[in-house]
Amino acid sequence: MHLEPRPEVSLERMSNVNQISAPTLLKMLGGLCLGVLATPAFTQQSAPNDLSAGPKAIQPGSWVKAGDYPKEAWNKDQSGTVKFALTIDVQGAVSRCDILVSSGAPSLDQQACALMHRNGRFKPALDAAGLPIPSEITRLIAWNTNRKADIKYDAVVSVKSLPSDRKSADLAVRQIVTAGNRVESCALEKPSKEPSLDLQACKIASQVLAPRSLRAADGSPIRGLRISDLVLIVGGTGEGES
């Protein structure tokens, strides 16, 4: 009897690139960086008593398993990494799943969103007052492939310098955005021990990330909290900070 190898399937978010050298990271990303705009942009920093927090996944390891690999894709020897945005409602359920980068196989993309709607459960995000608020995060599913590094991030930005002589920084920026596309506040989802880095990240986020409102299940704009994953790299191929 011939036994087929089990497919490798993983649900992922960001890796910690602080442990990867900047030249190595640039090679992984194909040398592509975004230059930071020369004109400083205003962004509202979160207040000291801000209670906002991003959504917390509940047992994400059980959401996607090897047996969930679509038979159509497996029979056709199709693989790939799909990147998608999840909108999470105030009860912690997935209300929307939008494909951002396709795996190249429709059945893999469709299965990714189907699994997130069926299995994805979160502790809902909180606004500055500590009240539940809709939120949006991005995730990847790697269907039997190791191709991840070039699509993990919402922005890869070249900067002139970083605190403590860092060469790179991997940051999750938390913004509350109104239904009218205005950023109410910004903070790091996991604050660093260097306030200057947190401030730098929010300033850069205001320049390279469009203040786009979240969307309800019916497509209407809503106020919500968005987590965006940034990589800041000293040097790189972008224009650099002024």
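Miscellaneous remarks
- The listed residues are Thr87, Thr81, and the only one of them that is surrounded by 20 or more Cβ atoms within 10 Å (Cβ to Cβ), in contact with a strand residue (DSSP E or B) (Cβ under 8 Å, 6 or more places away or on another chain) and modelled with pLDDT of 95 or more turns out to be Thr87.
- Selection of the stretch 218-242 for residues being aliphatic (A, V, I, L, M) and modelled with pLDDT under 95 yields Leu230, Val231, Leu232, Ile233, Val234.
- Number of residues in the stretch 155-197 that are in a helix (DSSP H, G or I) and either free of Cβ contacts under 8 Å to residues at least 24 places away in the same chain or under 20 Å from Thr138 (Cα atoms) (or both) equals 2.
- Top-ranked residue of the stretch 170-190 - restricted to ones that are among the polar types (S, T, N, Q) and over 15 Å from the mean Cα position of the chain (by Cα), ranked as surrounded by the fewest Cβ atoms within 10 Å (Cβ to Cβ): Asn181
- Residue match in the stretch 115-123 (condition: buried (at least 20 other Cβ atoms within 10 Å of the Cβ), over 18 Å from the mean Cα position of the chain (by Cα) and among the aromatic types (Phe, Trp, Tyr)): no
- Scanning the stretch 134-169 for residues that are over 29 Å from Ala105 (Cα atoms) and either of a type in the set (D, E, K, R) or out of contact with any helix residue (DSSP H, G or I) (no Cβ under 6 Å at 6 or more places or on another chain) (or both) returns Pro134, Ser158, Val159, Lys160, Ser161, Leu162, Ser164, Asp165, Arg166, Lys167, Ala169.
The values are calculated or read from the model by the stated rules, or taken from the named source; none is laboratory data. Please read all numbers here as calculations on a predicted model, not as lab measurements. Methodologically, a virtual Cβ is constructed for each residue, glycine included, from the backbone with ideal geometry; neighbour enumeration extends over all protein chains shown.
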